[in-house]
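**Student:** Once you've had a glance at the structure underneath, I'll fire off some questions.
The values are calculated or read from the model by the stated rules, or taken from the named source; none is laboratory data. All values derive from a computational prediction rather than experimental measurement. Backbone-built Cβ (ideal geometry, glycine too); neighbour counts: all protein chains shown. Surface areas here come from the heavy atoms of the whole protein model, side chains and all, with no ligands, DNA or RNA. Shrake-Rupley method; radii C 1.70, N 1.55, O 1.52, S 1.80 Å.
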Amino acid sequence: PPIIYMNYIGDIMKIKKDAFLLIFSIAVAGLLMIFSYKAKDGALYGFALAEKVIIPSLLPLLIIFNFILNSGAGRVLEKLLSPITYGVFRLPVCTGAAIFFGLLGGYPTGALLTRSLYLNDDIDSKTAARMMRFNFCGGAGFIVTAVGTGFLQDRKCGLILFASCVLSSLIIAMITAFFDKSREKGTVDYISCSPSDALCKSVDQSAKSVISISCYIILFCAVQYCIDFPETLMPIIEITSGIAGACKNLSLPQTAFLLSFGGLCIHLQLFTVISEIKMKYFDFFIWRVAGGGLSYIVCIILLRVFPIEQAVFSNYSDSIVRLTSVNATLSVLMALACAVFVFDLENRKRKC
């Protein structure tokens, strides 16, 4: 019968997919074992990036942003942004704070805050998927400070790159709004939550997210060191280490494209979010390429208005990943201490 035949074909396709994943996983594991010395150096490099870039720049901001959303303190900001979120972007008012903090805080802040709104039933899966198409940016801390002041040694370059990425996201938000016919106000009745409970929840959410991000970076850097990828293609794989090594060979518009694309490592970090909100990765990937193209064009326009007179490209990666300048164990201990603190407070609340 046709139904049995279709089920048989489906089972075969699933077996082939699982077999491919098995072969791929064994191949990567074999690569890491054969080139273990290179993998070790890459893992240490990734750990240093997580220690010096991800943990200090993302974790504090993510805790604060989540605290604002969990405590309901974002109501004032949402009212201020409502003419834009509801009037221009055709999105619920409750998305204003998540979009603002997502573009300001850096990836994957926007995706994580979008997921929080979805899990709290403030927005539906369609709205969450639409937000994921544009609520994706490297953030002021990473683009202006790390890439501009650090890698390129010119703050003006960082500001131009950040403006290019933000404007690209806003353009995509307006483009998607044109095809969205829904006009739900989307105001949220915040559940009363004490500041202490909101802080505990925010620390727990943020710590898990940052630890997961750091692990992805370490894994990708370990694999990268085992394979000789062209330096200019490295940012497509892992944006942080890739930009650090390749920015001296890239033009500013090319750097803007890569920053808006985000790198496959960031994409992999968001697989859980993408699946939770019932969004297809192909949809997300296409809009990331489109966002990169828009950033490239916007950056060219901004450079005509604010020209860069001298060459500012230089390789600053060594100063970012020097393991002897900061105790690497300290970051791990601090993260573990935060986790123990949260679990202790949760246990005390249950006992009460």
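**Student:** Do we find a residue being over 20 Å from Ser164 (Cα atoms), surrounded by fewer than 24 Cβ atoms within 10 Å (Cβ to Cβ), small (Gly, Ala, Ser) and under 16 Å from the mean Cα position of the chain (by Cα) anywhere in the stretch 66-85?
**Tutor:** Checked the stretch 66-85: no residue is over 20 Å from Ser164 (Cα atoms), surrounded by fewer than 24 Cβ atoms within 10 Å (Cβ to Cβ), small (Gly, Ala, Ser) and under 16 Å from the mean Cα position of the chain (by Cα).
**Student:** Cβ contacts < 6 Å: first residue among the charged types (D, E, K, R) and assigned to a helix (DSSP H, G or I), restricted to the stretch 148-176; second residue open to solvent by 50 Å² or more (accessible area, probe 1.4 Å) and at pLDDT below 95, any location; separation 6+ or different chain. Result?
**Tutor:** Listed pairs, sorted by first residue: Arg155/Thr149.
**Student:** Report the residue count in the stretch 18-65 for those that are open to solvent by 40 Å² or more (accessible area, probe 1.4 Å), modelled with pLDDT of 80 or more and either outside any helix (DSSP H, G or I) or of a type in the set (D, E, K, R) (or both).
**Tutor:** Within the stretch 18-65, residues that are open to solvent by 40 Å² or more (accessible area, probe 1.4 Å), modelled with pLDDT of 80 or more and either outside any helix (DSSP H, G or I) or of a type in the set (D, E, K, R) (or both) number 5.
**Student:** Select from the stretch 221-235 the residues that are buried (at least 18 other Cβ atoms within 10 Å of the Cβ) and either modelled with pLDDT under 80 or farther than 20 Å from Ser57 by Cα (or both) and write down the one among them that is farthest from the chain's Cα centre (by Cα).
**Tutor:** If we take residues in the stretch 221-235 being buried (at least 18 other Cβ atoms within 10 Å of the Cβ) and either modelled with pLDDT under 80 or farther than 20 Å from Ser57 by Cα (or both), then Cys226 is farthest from the chain's Cα centre (by Cα).
**Student:** Among the residues of the stretch 66-102, which ones are part of a helix (DSSP H, G or I), of a type in the set (Phe, Trp, Tyr) and touching a residue at least 24 places away in the same chain (Cβ under 8 Å)?
**Tutor:** Phe67, Phe101
**Student:** Go over the candidates Lys248, Lys208, Lys201 one by one and state the one that is of a type in the set (Lys, Arg), without any contact (Cβ under 8 Å) to a residue 40 or more places away in the chain and out of contact with any strand residue (DSSP E or B) (no Cβ under 8 Å at 6 or more places or on another chain).
**Tutor:** Of Lys248, Lys208, Lys201, the one residue that is of a type in the set (Lys, Arg), without any contact (Cβ under 8 Å) to a residue 40 or more places away in the chain and out of contact with any strand residue (DSSP E or B) (no Cβ under 8 Å at 6 or more places or on another chain) is Lys208.
**Student:** Return the residues of the stretch 145-175 that are farther than 14 Å from Ser295 by Cα and either open to solvent by less than 10 Å² (accessible area, probe 1.4 Å) or of a type outside the set (S, T, N, Q) (or both); say none if nothing qualifies.
**Tutor:** Selection gives Ala146, Val147, Gly148, Gly150, Phe151, Leu152, Asp154, Arg155, Lys156, Met174, Ile175.
**Student:** Could you please give the count of residues in the stretch 256-295 that are open to solvent by less than 20 Å² (accessible area, probe 1.4 Å), assigned to a helix (DSSP H, G or I) and under 19 Å from Ile172 (Cα atoms)?
**Tutor:** 12
**Student:** Something else now. Would you mind finding the one in Phe178, Phe142 that is open to solvent by less than 40 Å² (accessible area, probe 1.4 Å) and at pLDDT below 90?
**Tutor:** Unique residue meeting the criteria: Phe142.
**Student:** In the stretch 236-255, which residues are open to solvent by 40 Å² or more (accessible area, probe 1.4 Å) and among the polar types (S, T, N, Q)?
**Tutor:** Across the stretch 236-255, the qualifying residues are Asn249, Ser251, Gln254.
**Student:** Examine the stretch 132-140 for a residue that is over 13 Å from the mean Cα position of the chain (by Cα), closer than 25 Å to Ile213 by Cβ and of a type in the set (D, E, K, R), and state whether such a residue exists.
**Tutor:** No, every residue in the stretch 132-140 fails to be over 13 Å from the mean Cα position of the chain (by Cα), closer than 25 Å to Ile213 by Cβ and of a type in the set (D, E, K, R).
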